[in-house]
Amino acid sequence: MVPVYPACVHHLYAWLRGRPLLVDGAWALLLLMFGLFEVIIDQPGPPDIPHLIALGTMSIVLLIRRRNPTLALVVTLAIGAFQLFDDIPPGLEALAMPAIAYSAAAYSPRWASRTALVGGVLAPIAAMLRWWDNPDVPTTGIVFFTLLLMGPFVIAWVLGDSMRTRRAYYVELEDRADRLERERDQQAQIAAASERARIARELHDVVAHNVSVMVVQADGAAYALDGAPELTREALGTISATGREALAEMRRLLGVLRSQNEGDAFVPQPGVEQLEDLLERVRSAGLPVDLTVEGVPVELPQGVALTVYRIVQEALTNTRKHGGPDVKALVRLRYLGEDVELDVGDDGRGAAAPGDGMGHGLVGMGERVALFGGRLDTGPRSGGGWQVRARLPVRPGEGL
């Protein structure tokens with residue numbers, strides 16, 4: 001049965017953990033008080049000054065053991081040597097030595113930790129050899145008593161070394177988490193840059209196609225200038241409209257990082273007219289999907305039409321990957337006058353779908369929609385499944 005402690009106990013423990021100097025000071029004060037009682041009151045005769053020096057020094061060492069554990073260990077070894085050579089039998093100040101061994105094992109460098117272990121083993125042996133004077137106790141009893149004295153030192157050192165290992169493990173976990181977070185951010189930045197480069201290539205193709213149309217219309221207008229002025233006027237109007245659209249696309253293109261891998265053919269990219277072909281391919285792959293169109297359809301700029309196509313393509317790809325078995329999808333395209341709204345939803349797993357953390361489809365959608373000044377909303381549907389909703393202006397950046 002797991003013990004349940006009152007909340008005040010947990011608060012007190014947390015408060016004390018945040019104030020190690022106060023805790024060590026309290027222990028040092030207790031050691032000094034009981035040690036003075038032993039040296040001054042409990043012993044007859046004048047006070048033992050060397051013993052008082054050892055007691056006061058060990059109390060100070062106990063106070064600084066966590067702030068400077070290596071110095072505390074060196075001073076403790078010096079006090080032990082001073083007691084041996086000056087024939088000062090150990091008293092209550094020896095109770096601080098296991099705590100010093102723990103601090104050295106937990107916080108000091110490795111050499112100091114090993115020195116603390118060796119000192120903890122040799123100190124009881126030296127004390128028995130120096131002050132044991134009972135000839136009636138057999139050798140086995142002396143060995144047993146010596147090992148008994150070693151126990152607190154060894155146990156304290158093992159606990160301190162375990163604390164060092166645990167702390168190093170936690171530091172390694174934090175470092176690994178930081179590295180993974182940095183790598184995740186770098187992957188997201190790389191994905192965004194790659195998507196921007198892809199958009200730039202596609203917009204370049206759109207602009208190149210528009211310029212090609214303008215050239216063809218200009219040539220036709222030149223031939224029809226004398227014999228068919230109405231055709232010439234119509235061709236010039238087409239050139240004007242196409243030029244405005246090309247300039248609007250070019251403005252957006254200037255704000256996007258361009259990939260160095262050029263060489264693709266300048267061909268028109270898919271748009272709204274190719275959505276049905278896309279859905280047929282999706283259906284043939286095993287995903288039932290329906291398309292509904294609301295409002296009065298208008299001709300979209302090729303960049304906007306391409307964005308609509310890519311969003312549908314990416315959303316349905318995510319549905320196939322994460323939607324689960326027997327999932328169905330619905331694509332709604334709404335013409336709202338100045339804007340066009342796209343809604344791609346499914347009835348799959350939604351937020352419960354497992355992810356591998358490697359996909360950047362939503363990043364690409366956001367880049368595309370932001371490029372045209374639109375808005376993108378993605379997330380679980382209220383009735384289950386996932387939904388991607390984008391709203392794009394029909395004529396972004398139009399006008400000169």
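If we count other beta carbons within 10 Å of each Cβ, what is the order of GLU93, GLU280, fewest first?
Numbers: GLU93 27, GLU280 11.
Arranged by neighbour count, lowest to highest, GLU93, GLU280 become GLU280, GLU93.
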| note | For segment 272-393, the Cα convex hull volume per residue in Å³ comes to 100 Å³
| Working out 0.36 nm times the residue gap between ASP185 and LEU12, then minus their Cα-Cα distance, what length gain in nm do you get to one decimal? | 58.3 nm
| task | May I ask you to derive the FRET efficiency for ARG332 and TYR169 from their Cβ-Cβ distance with R0 = 45 Å, giving the value to the nearest 0.05? | result | 0.30
| Residue separation times 0.36 nm, minus the C-alpha to C-alpha distance between ASP339 and PHE37: what's the value? | 99.8 nm
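Among THR115, THR307, which comes first, second and so on when ranked by fewest other beta-carbon atoms within 10 Å?
Values: THR115 18, THR307 29.
The order, fewest Cβ neighbours first, is THR115, THR307.
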| Between ALA116, LEU12, LEU29, whose Cα lies farthest towards the positive end of the dipole of segment 7-133 when Lys and Arg beta carbons carry +1 and Asp and Glu beta carbons carry -1, centred on the Cα centre? | LEU12
| request: Over the Cα atoms of segment 7-133, compute the convex hull volume and normalise it per residue, giving Å³. | output: 122 Å³
| field | Order of ILE311, ILE41 under a 10 Å beta carbon neighbour criterion, fewest first | value | ILE41, ILE311
| said: Can you tally the net charge around ILE79? Count Lys and Arg as +1, Asp and Glu as -1, for every other residue whose Cβ sits under 11 Å from the Cβ of ILE79. | reply: -2
| field | Computed label-point distance, nm, for sites VAL23 and ARG320 using a 7 Å Cα→Cβ extension | value | 5.9 nm
| Full-stretch length increase - TRP132, THR146 - with 0.36 nm per residue and alpha-carbon distance subtracted | 4.0 nm
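None of the figures in this text is laboratory data; all of them are computed from the coordinates on show. In this text, all values refer to a predicted model and were calculated from it rather than measured experimentally. All Cβ positions, even for glycine, are placed from backbone atoms using ideal geometry, and neighbour counts span all protein chains on display.
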